[in-house]
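**Q** Sharing a structure, written as structure tokens. Questions coming.
The values are calculated or read from the model by the stated rules, or taken from the named source; none is laboratory data. Bear in mind the structure is a predicted one, so any value in this text is a computation, not a measurement. Here the Cβ positions follow ideal geometry from the backbone for every residue, glycine too, while neighbour counts run over all protein chains shown. Side chains are part of the model used for accessible areas, which takes the heavy atoms of the whole protein and leaves out ligands, DNA and RNA. Shrake-Rupley method; radii C 1.70, N 1.55, O 1.52, S 1.80 Å.
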Amino acid sequence: LILVGFAAFSLSSCEDYFDTVPSNVVDLPTVFSNRGLSLQWLTNVYSYIPDNTDQNYYDGADCTEGVWTVASNEGYLPWSECESNNIILGTLYPSTGYVQNQWTAFYRGIQKANVYLAEIDKCEPMSSQEKDWTKAECRALRAYYYFNLVRLFGPVPLIGDKVYNIDDPLDEMMLHRAPVDSCFDYVISDLKDVISSGHLISQFNGAGAFDDQFAGNLTKEAAEGLLSIVYLYRASFIFNGAPY
């Protein structure tokens, strides 16, 4: 009887223990009911911007470093750990670790951008003006990540505003690649919309100097510069008229 009683006590204690939510776990309703946590989420969306100053080495599963400058005819790094050598030696494939990780990282950035766009209007402590400009930034970031994917892989799947849940059927995620023109149309449309909306922060707003608080934000001028690069790539023979 003593053993049975002890076992029952132990089982109930374990059940209570495992039902407890860890203190460091925050769910989406909690995040998007708090202005600070919401902006932290947006900061995480920013974290997938490629670091094109770090062109030498592979740096983990979320690697978004750029190797393209060193991989030019004028550049060469002799060390074997430099990812750019895959391009120089002709050993870069879709399954190459660096390229494969870029696919994962940019789609993570796109999904987190979609979550922000879907949830941020529920954040009551955030002003409507702040919601507008952060949503504009988020759309511009999403367009930038798609553009990077197109530069790497050509036509890619477009998921729109879809937010996937962990229990969604895998078949729903197995999307066909969209035509390359559709990919460029999507990127260009998002960038043009956020630029014309007037919600992006501009470096030339007001009579004073640009507010350093927004030095790391994706500004209207940055979006315009990105749009011009997208047009340049779309006009390239690689994407516009190549027989293959």
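**Q** If you rank Met126, Met174 by how much accessible surface each has, with a 1.4 Å probe, what is the order from largest down?
**A** Met174, Met126
**Q** On to the next question. Return a whole-number percent for the relative contact order of the range 112-244, with Cα pairs under 8 Å and 6 or more residues apart as the contact set.
**A** Worked out over the range 112-244, it gives 27 percent.
**Q** Another one. Grab the other residues whose beta carbon is less than 15 angstrom from that of Leu175, score K and R as +1, D and E as -1, and report the net.
**A** Once positives and negatives cancel, what remains is -2.
**Q** Suppose the chain between Lys122 and Asp171 were pulled fully straight at 0.36 nm per residue; how much longer would it get relative to their current alpha carbon spacing? Intermediate results must be reported in sequence, preceding the final value.
**A** Details: separation 49, 0.36 × 49 = 17.64 nm, distance 2.99 nm.
Between Lys122 and Asp171, full extension yields an extra 14.6 nm.
**Q** Spelling out what I want: for every residue of the range 41-49, take phi, set θ = phi - 60°, compute 6.51 cos²θ - 1.76 cosθ + 1.60 (Karplus), and round to whole Hz; glycine and proline get x.
**A** 4, 5, 4, 5, 4, 5, 5, 8, 5
**Q** Between Thr43 and Leu152, what is the label-point separation in nm under the 7 Å Cα-to-beta-carbon projection?
**A** Each label point is offset 7 Å from its Cα along the Cβ direction, giving 2.5 nm.
**Q** Need one number: nm distance between label points at Trp103 and Phe204, each 7 Å from Cα along Cα→Cβ, rounded to one decimal.
**A** Rounded to a tenth, the inter-label distance reads 4.2 nm.
**Q** Okay, next question. What order do Tyr116, Tyr93 take when sorted by accessible area (1.4 Å probe), most exposed first?
**A** Ranked list, largest accessible area first: Tyr93, Tyr116.
**Q** Expressed as a whole number of Å, what is the distance separating the alpha-carbon centroids of the range 27-45 and the range 121-197?
**A** So the two Cα centres are separated by 18 Å.
**Q** Ordered by residue, what ³J(HN,Hα) values in Hz, to whole numbers, does the range 126-139 give under the Karplus form 6.51 cos²θ - 1.76 cosθ + 1.60, where θ = phi - 60° and Gly and Pro are x?
**A** Result, ordered by residue: 8, 5, 5, 5, 5, 4, 4, 6, 6, 5, 5, 4, 5, 5 Hz.
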